[in-house]
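Reviewing the structure listed below.
Read-outs: derived from the displayed coordinates by stated rules, not from any lab. Just so it is clear, the model here is predicted, and its values are computed rather than measured. FYI the Cβ positions are ideal-geometry reconstructions off the backbone, even for glycines, and counts take in every protein chain you see.
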Amino acid sequence: MPDITAFTRLSGQKTHQKALIKPLLRMMISIMVILGLWQAIVVFFGMPSFILPAPIEVFERLLLRYDILLKHTLVTGQEIILGLFLGLFMGLFFALQMLLFKPIKQWLLPILIASQAIPVFALAPVLMLWLGYGIASKIVMAALIIFFPVTTCCYDGLRNTPSGYLDLAQTMGATKWQMLRHIQFPASLPTLASGIRVAVVIAPIGAVAGEWVGSSEGLGYLMLQANARMMIDEMFAALFILSMLSILLYFVVDKLLKKFIPWEV
Amino acid sequence: MSASMRALSAKIPALQIDISAGYLRYTGSKTATLQGLNMSFPAGQWTCILGRSGCGKTSLLRYLAGLLDQKTSWSGELKTTPPQFNLKNNIAYMAQQDLLMPWLSVLDNVTLSAKFGNTITAVQKQAALALLEKVGLLDSADCLPQKLSGGMRQRVALARTLMQNKPVILMDEPFSAVDAVTRYRLQDLAWELLKDKTVVLITHDPQEAIRLADQIYIMQGKPSSAESLKVPASLTPRQFDPECAQLQQSIMAFLEQDDA
């Protein structure tokens, strides 16, 4: 018996390593292909660098201005992460309210849908007015843009607990609160996780759009400034960092979710 | 410590349940599901209920488990002996699906009911481990249920049911989703572990009923009522003999009547 467990553990490790290397390899290849195409377009069509700079120029810029880029990246990253936390917290809170109090649901649902009907981008100037040019308005933008997917996922997850689980808990004499805490909430986690994955991808949109409308720092701000000064290579450098930031955030969150929700299918 | 140990292993009273002129109707439905139901589940014995799909046997079980209180109206007598024991607080329910929580380890699944009482003590954990040993799954205590096969999962469910330490066990086809050999072993294990409990077992499998039952009811009709069948005098779990084969024939004949 111990031999078998040792064997499975070993092979498990191996497959784990493979599982890590393969996507990395795939990503490297797709990045190379994209960069190659990009370079080919610049060379083939003779693009001037103020329209489309070559990837090499962008990388030079990236290295040259790394301190400035890093400073603005930190600001945007902070906005995204705080926005994520705020949006998740609000989504969870609203979903719980709708679950626990039926009348509240009837009142909240139209508001929730209306909040999604108003484009968040249209709200941005108002948010600037109320919350100022600083980081707060961008956090709220990011939170607002993820609010709807998180709330609906969380609510659906909490509502669709398999009825057998609830029956079992009821025969064991669980109170409403115990049922929520020990059965409904954990059962909703896989659904909530897909909401969080969506949120992580779209939260940067909110933060950067907020920066475009009015700010004094952040990658969105840097891009606007660079654009105005025709420093297109810097704009692309900022864009590159922003996409890397989003991808990194997604993979980190995905790994964390898989670690904490190992039963997720 | 020792007090809770005693509480866990304490002899629970055997409970008898008698139903007379039972009538059950779902709210919003025009016709009754059960009518003129007379049954008795003697203390410490296995009662098997057979019947076609939709005959109301699951409704009866769910009603006994207290799961239908808000959805149905009931009339008739439901008596427990000794009478001071409330049925709802003295049952453990085992369904066709094992209903193991996928986020809890096997051990935590077994101690699930303790979560709804108060905090889980070291003693309870010990008791749960002892039960897991009885069902032969001590090695899997820290696994998540998804690692287990169907038969193993149902054994964990059995351990969880025993952990509740209730005198009445209500079972709704708990062995129907596994292969024949696994089912046979599960029946033996359940029979061994649930010896002094009052067991009500719903099944679609006449052989299962014949093997395990101290008495058999067949539910049929619309609204349905129950009819008692005589079982062989031999001891459970029965080896299949000509008498059993005869009983199986008459069960099938009974069930086919319902077509009319």
**Item:** Local electrostatic count, A:K138, Cβ distance below 13 Å [Lys/Arg +1, Asp/Glu -1]
**Value:** -3
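Taking R0 as 41 Å, what's the FRET efficiency between A:L24 and B:E192 from their Cβ-Cβ distance, rounded to 0.05?
The pair A:L24/B:E192 has a calculated efficiency of 0.15.
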**Asked** Between A:L74 and A:M47, 0.36 nm times their residue separation minus their Cα-Cα distance comes to what?
**Response** 6.5 nm
**Item:** Integer Hz, Karplus 6.51/-1.76/1.60 couplings in order for segment A:40-50, x for Gly and Pro
**Value:** 4, 4, 4, 6, 5, 8, x, 5, x, 5, 7
**Request:** Could you please state, rounded to a whole Å, how far the C-alpha centre of segment B:193-216 is from the C-alpha centre of segment A:72-109?
**Result:** 51 Å
**Asked** Counting only Cα, what are the radius of gyration and maximum Cα-Cα distance Dmax of segment B:78-121, in Å?
**Response** 14.1, 39
**Request:** Set the Förster distance to 25 Å, then compute FRET efficiency between B:S20 and B:D241 from the Cβ-Cβ distance, nearest 0.05.
**Result:** 0.15
**Complete:** In segment A:25-88, the chymotrypsin sites (Phe, Trp or Tyr not before Pro) that sit in a DSSP loop and have at most 15 other Cβ atoms within 10 Å of their own Cβ are A:F50
**Request:** For segment B:103-233, calculate the relative contact order in percent as a whole number, restricting contacts to Cα pairs under 8 Å that are 6 or more residues apart.
**Result:** 20 percent
**Asked** What is the magnitude of the charge dipole of chain A about its Cα centre, with +1 placed on the Cβ of each Lys and Arg, -1 on the Cβ of each Asp and Glu, and no other charges, expressed in debye to the nearest 20?
**Response** 720 debye
**Message:** Greater than 30 Å separation of Cα atoms is the criterion. Which listed pairs, B:K79/B:K230; A:K102/B:K88; B:K71/B:K134; A:K105/A:K259; A:K22/A:K138, meet it?
**Reply:** B:K71/B:K134; A:K105/A:K259; A:K22/A:K138
**Request:** Find how many whole Å separate the alpha carbon centroid of segment A:186-265 from the alpha carbon centroid of segment B:30-105.
**Result:** 53 Å
**Asked** Based on DSSP H runs of at least 4 residues, each adding -39500 (n - 2.57), what is the mean residue ellipticity at 222 nm of chain B after dividing by all its residues, to the nearest 500 deg cm²/dmol?
**Response** -10500 deg cm²/dmol
**Message:** Give me the dipole magnitude in Debye, nearest 20, for chain B about the Cα centre, with unit charges on the beta carbon: positive for Lys and Arg, negative for Asp and Glu.
**Reply:** 740 debye
**Message:** Using the Cα centre of chain A as origin and beta-carbon charges of +1 (Lys, Arg) and -1 (Asp, Glu), tell me which of A:A122, A:S163, A:Q184 is placed farthest towards the positive end of the dipole.
**Reply:** A:S163
**Prompt:** Of B:L201, B:S228, B:L131, whose Cα points farthest to the positive end of the dipole of segment B:113-260 (charges on the beta-carbon: +1 Lys, Arg; -1 Asp, Glu; origin at the Cα centre)?
**Reply:** B:L131
**Asked** Counting alpha carbon pairs within less than 8 Å and at least 6 residues apart, what relative contact order, in whole percent, applies to chain B?
**Response** 27 percent
**Request:** Only loop residues by DSSP count here, and only those with at most 12 other Cβ atoms within 10 Å; note down the trypsin sites (Lys or Arg not before Pro) in segment B:162-253 that meet that.
**Result:** B:K195, B:K230
**Request:** Taking 7 Å along the Cα-to-C-beta vector as the label spot, tell me the B:Q257-B:A130 distance in nanometres, rounded to one decimal.
**Result:** 4.7 nm
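Suppose R0 equals 51 Å. What FRET efficiency, 1/(1 + (r/R0)^6) with r the Cβ-Cβ distance, do A:W107 and A:D254 give to the nearest 0.05?
0.90
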**Message:** Output the 0 to 90 degree angle, nearest 10, between the alpha-carbon long axis of helix A:66-100 and the longest principal axis computed from the alpha carbons of chain A.
**Reply:** 20 degrees
